[in-house]
Amino acid sequence: DLLDVARITQGKLELRRERSALSKVIETAVEAARPLIDGKRHVLAIELPPSDVEIDADPLRLAQVISNLLTNAAKYTVAGGRITLAARVVPPNLLVSVRDSGIGIAPSALRSIFEMFSQVADTLHRSEGGLGIGLALVKGLVELHGGSIEARSDGPGRGSEFVVHLPLPIGTTTGADGEAAQHGPPAPRAGRRVLVADDNRDAADSLGLILGMGGHEVRVAHGGREALELAAAFRPDVVLLDIGMPDL
């Protein structure tokens, strides 16, 4: 995160923008934040538009924004709390919000909370090793997308909400239900059949998610023998193979 903030500050971080389905971005973000949410026994509610929305964004960076907000909500909410991730279309913007039932934010801290190394004094013991740079990174990535972010809270002990405003792509209109409607089919992608084999489960699964977002059909194996069986059945075009797996 610190390196990313440095790149943004120096104008060296470039987005890889493409037409992306909001649902896929949300899925990736939730997957990244899920271990902490589940570990603290929080209830996560997800509220999305009835029809999927396409956005002009870097899907990995936008997923990073949302997962950082979800992780923050999980950290600063007492175990067994509630987190709501919601998205809705308010032309010309898409609004994505993360709301929690956590410890809240004092009114005086709402503006400074997006500054580098900013941590509210009452929350330091809950930071779990954080340096106070996550929200600065979120703000920088959102602004690179031409959007903005705001923090809301009714005060300490009353939860908080972070709302991301992102401009919708030109040509996006709203249907009778008020949600985004897309005209014409999405452009076809040159996807390949890819097998990822690595006994490092986190590395393999993360790489599989990234490739899946790139339009590829992916299978993941966590051992050499499993990889051989999958290769025979799946017949991949490409194999990304760890050569040091323990069983083969």
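Check the straight Cα-Cα distances from residue 24 and name the aspartates and glutamates below 16 Å, setting aside those fewer than 8 residues away within the same chain.
Within the straight-line cut-off, residue 24 pairs with 47, 52, 54, 56, 58, 205, 217.
Suppose R0 equals 45 Å. What FRET efficiency, 1/(1 + (r/R0)^6) with r the Cβ-Cβ distance, do residue 150 and residue 243 give to the nearest 0.05?
E(calc), rounded to 0.05, equals 0.40.
Where a ≥ b ≥ c are the square roots of the eigenvalues of the C-alpha gyration tensor, would you call the stretch 41-91 rounded, which needs a/c under 1.5, or, failing that, prolate if a/b is larger than b/c, or oblate?
Working: a/c = 3.13, a/b = 1.61, b/c = 1.94.
Because a/c hits 1.5 or more and a/b fails to exceed b/c, the stretch 41-91 counts as oblate.
222 nm [θ] for the chain, helices only, -39500 (n - 2.57) per DSSP H run of 4+, per residue, to 500?
After summing the helix terms and dividing by the residues of the chain, the value is -10000 deg cm²/dmol.
Run the simple label-point estimate for residue 82 and residue 31 please: 7 Å along Cα→C-beta, distance reported in nm.
Those two pseudo-labels are separated by 2.9 nm.
Can you spot the lysines whose alpha carbon is less than 17 Å from residue 75's alpha carbon? Ignore those fewer than 8 places along the same chain.
Those lysines meeting the cut-off are 40.
How high is the FRET efficiency from residue 48 to residue 6, r the C-beta distance, R0 45 Å, rounded to 0.05?
Values: r = 33 Å, r/R0 = 0.74.
Efficiency at R0 = 45 Å is approximately 0.85.
How much solvent-accessible surface does residue 52 expose, in Å² to the nearest 10, with a 1.4 Å probe and all protein chains in place?
80 Å²
Given the whole protein assembly as supplied and a 1.4 Å probe, what does the accessible area of residue 30 come to in Å², nearest 10?
It works out to around 10 Å².
Using only protein heavy atoms and a 1.4 Å probe, report how much of residue 112 is accessible, in Å² to the nearest 10.
40 Å²
Obtain the nm distance between the two label points defined at residue 229 and residue 200 by a simple spin-label model: each point lies 7 Å from its Cα along the Cα-to-C-beta direction.
Computed distance between label sites residue 229 and residue 200 equals 2.5 nm.
Treat each spin label as a single point 7 Å out from the Cα along the C-beta direction, and report the residue 40 to residue 116 distance in nm.
2.6 nm
The values are calculated or read from the model by the stated rules, or taken from the named source; none is laboratory data. The shown structure was predicted, so the numbers you read here are calculated from the model rather than taken from an experiment. All Cβ positions, even for glycine, are placed from backbone atoms using ideal geometry, and neighbour counts span all protein chains on display. Side chains are part of the model used for accessible areas, which takes the heavy atoms of the whole protein and leaves out ligands, DNA and RNA. Shrake-Rupley method; radii C 1.70, N 1.55, O 1.52, S 1.80 Å.
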